[in-house]
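The values are calculated or read from the model by the stated rules, or taken from the named source; none is laboratory data. Being a predicted model, the structure only gives us computed values, none of them experimental. Methodologically, a virtual Cβ is constructed for each residue, glycine included, from the backbone with ideal geometry; neighbour enumeration extends over all protein chains shown. Ligands, DNA and RNA are excluded from the accessible area calculation, which covers all protein heavy atoms including side chains. Shrake-Rupley method; radii C 1.70, N 1.55, O 1.52, S 1.80 Å.
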Amino acid sequence: MIAIEQATKAFGKKTLFHDLNLMFEEQKVTVLLGENGAGKSTLLHILAGLEHLNTGRILYQNSPITSKQIHEIIGFVPQEIALWDHLTVQQNIQFFKKQKKGAISDEQIKRYCEQLHLVDLHQPISKLSGGTKRKANLLIGLLHQPKFLILDEPTVGIDLKSRYEIQALIRQLKSTCTIVMTTHHLDEVEAVADYIITIGKDPFYKKVLQEKGLPFIEANEV
């Protein structure tokens, strides 16, 4: 279980959230939903250890999480394609696998590729479609079999078939890890979310969720 306690994050005079308390259930998919600039990506960066809180703490199994634990248990897939453009998918996999302690087997990598229909393994990243890049981006985040997976807009800007394949894998992955993700696609929220947390002040998302009868939790607002 991962939890955020009494968390405050500000950039200069702009406070994104104040005294925020959230808990992410094990082996569930939690979707953060809100307008651009509400702090969703910043919150994901904090969970991944890439940003620091002004005040508050992050707990793992009821104890403050350490830098070592962050590297061991967390897989982070950023919205940006975090791959080497000049290398092939296979070369990227081998490069990042060497950086991971306890990396998964080549057989498991092959299974993930099959599930994602990721077949252009020997093409440079720069020559791949947006959907294939997204799939490869996700695969890199899974190389050390994380217990806590963070996905920032994992299907943004790609075709419907690629979105469907990524969503299917996300639903499967929650049997072995806890997942927190952001998306702007409401159909994706319906497809994968066990829990929905709204963040930000724009009432649009709460209104749409209420109209669709989808239960959600409101994050503490500034």
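Given the options F76, F148, F204, state which has the largest fluctuation in a GNM of the chain using a 10 Å cut-off (strictly under) for Cα springs.
Its mean-square fluctuation being the largest, the pick is F204.
If packing is taken as the average number of other Cβ atoms within 10 Å across a peptide's residues, how do 79-86, 212-219 rank, most packed first?
Descending mean neighbour count gives 79-86, 212-219.
Calculate, in nm to one decimal, what K101 and D202 gain on full extension: separation in residues at 0.36 nm each, minus their alpha carbon distance.
32.2 nm
Subtract the Cα-Cα distance of E80 and V156 from 0.36 nm times their separation in residues, and report this length gain in nm to one decimal.
26.4 nm
Any of K9/K101; K9/K127; K9/K206; K98/K161 with alpha carbons more than 29 Å apart? Name them for me.
Correct reply: K9/K101; K9/K127; K98/K161.
Which percent of the accessible area of the chain is formed by carbon and sulfur heavy atoms (probe 1.4 angstrom)?
After summing per-atom areas, the C and S share lands at 50 percent.
If I model region 73-160 as equal point scatterers sitting on the Cα atoms and use the Debye formula, what is log10 I(q)/I(0) at q = 0.21, 0.22 Å⁻¹?
Each listed q maps to, in turn, -1.03, -1.14.
What residue among I196, I73, I140 shows peak mean-square fluctuation when the chain is described by a Gaussian network model with Cα springs under 10 Å?
Result: I73 has the largest fluctuation of those listed.
Where a ≥ b ≥ c are the square roots of the eigenvalues of the C-alpha gyration tensor, would you call region 70-222 rounded, which needs a/c under 1.5, or, failing that, prolate if a/b is larger than b/c, or oblate? Before the final figure, lay out the partial values.
Numbers: a/c = 2.13, a/b = 1.73, b/c = 1.23.
Taking the square roots of the gyration eigenvalues as a ≥ b ≥ c, region 70-222 is prolate.
Sorting Y164, Y195, Y112 by accessible area (1.4 Å probe), largest first, what list results? Can you show the working numbers first?
Working: Y164 150, Y195 85, Y112 20 Å².
The residues order as Y164, Y195, Y112, largest area first.
Enter the accessible area per residue of the chain (Å², integer; probe 1.4 Å; all protein chains in place).
Accessible surface, normalised per residue, equals 50 Å².
Report the gain in length on full extension from N62 to S129: 0.36 nm times residue separation, minus Cα-Cα distance, nm rounded to one decimal.
Extending this stretch completely gives an extra 19.9 nm.
With +1 on each Lys and Arg Cβ and -1 on each Asp and Glu Cβ, how big is the dipole of the chain about its Cα centre, in debye rounded to the nearest 20?
The dipole magnitude comes to about 460 debye.
So for each of 27-35, 95-103 I average, over its residues, the number of other beta carbons within 10 Å; can you give me the resulting order with the highest mean first?
Order by mean packing, descending: 27-35, 95-103.
Explain nothing, just the number: relative contact order of the chain, from Cα pairs under 8 Å at least 6 residues apart, as a whole percent.
Values: 399 pairs, mean separation 67.6, N = 222.
The normalised contact order for the chain reaches 30 percent.
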